[in-house]
1. What is the one condition in (1) of a type outside the set (D, E, K, R); (2) within 23 Å of Val182 (Cβ to Cβ); (3) open to solvent by 80 Å² or more (accessible area, probe 1.4 Å); (4) modelled with pLDDT of 95 or more that Gln94 does not satisfy?
2. Looking at Ala51, Ala56, Ala70 in this structure, which one is buried (at least 16 other Cβ atoms within 10 Å of the Cβ) and over 21 Å from Leu27 (Cβ atoms)?
3. For region 65-87, enumerate the residues that are in contact with a Phe, Trp or Tyr (Cβ under 8 Å, 6 or more places away or on another chain) and polar (S, T, N, Q).
4. Residue pairs, Cβ under 8 Å, 6 or more apart or interchain, first in region 193-204 and without any contact (Cβ under 8 Å) to a residue 40 or more places away in the chain, second open to solvent by 10 Å² or more (accessible area, probe 1.4 Å) and in a loop (DSSP other than H, G, I, E, B). List them.
5. Of all residues in region 3-47, which are open to solvent by less than 30 Å² (accessible area, probe 1.4 Å), at pLDDT 95 or above and within 15 Å of the chain's Cα centre (by Cα)?
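The values are calculated or read from the model by the stated rules, or taken from the named source; none is laboratory data. Owing to the predicted nature of the structure, the values given are computational and were not obtained by experimental measurement. So basically every Cβ, Gly included, is an ideal-geometry build from the backbone, and we count neighbours across all protein chains shown. Protein only, heavy atoms only, side chains kept; ligands, DNA and RNA dropped before computing areas. Shrake-Rupley method; radii C 1.70, N 1.55, O 1.52, S 1.80 Å.
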Amino acid sequence: MGERRAADNKKAPPKAKWPVLQPKLNLQITRLKDKDLFTVQNFFTPAESKAFIKAAESAGFEHQGSLGPAKGEAYRDNDRIAVNDPVLADMVWQSGLSKLLSDIKIRGKAAVGLNPNIRFYRYKVGQHFGQHIDESVDLGEGKHTVYTLLVYLSGAAKTKDKSDSNNMKDSASEPIVGGETVFYGSRNRVVAEVAPAEGMALLHIHGDKCMLHEARNVSKGIKYVFRSDVVFA
């Protein structure tokens, strides 16, 4: 029950004005399962995360469903935008991932960039994505994707400073309850449970080594996610 990719480029949304990302010099990896699963705090700044949400909302989301487990597909209920944008992919890659992943080698290959197929996900209250795996994508010329990259653009409750006071009534700024990304090992044992945190990146290996995982139900707030894949060659 892998993620369906055929519909990723079904319809191009209106051209959005994406924020310009600042280089991040002190990013650190927190390993949850060796090289297979790790997080990076503050990969996007709060301002960058909010700007991505604003741009994505202006472009317009489309609902994404599935045929369900009875038809061999994971249950899926969220809203999505898919764009093919090499410039955006390169900007995100150069903002910190390029240096951060420089020491990781998979089967003798190194990370060289991001898949230009960029997706934005929106989960409103009651929406979730059931247990599934992510497939690797062959991009040709010896390049294929190895990691899923998720960057949470909204997150759970945290202390707000005065600059956030005007955004309290903004649904995109409302703290999220639920929406955790949960990974499973053998016998459906929980390997890791990652709660959304604004600006945090989550990377996990996909393809034949992908762990079964799900995006749990959102019970409060709106969960926004930036999604791409790390390309190796």
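1. (2)
2. Values: Ala51 fails: over 21 Å from Leu27 (Cβ atoms); Ala70 fails: buried (at least 16 other Cβ atoms within 10 Å of the Cβ).
None of the other options fit; the residue is Ala56.
3. Selection gives Ser66, Asn78.
4. Listed by first residue and then by second, the contacts come to Glu193/Glu180.
5. Leu37, Phe38, Thr39, Val40, Phe43, Phe44
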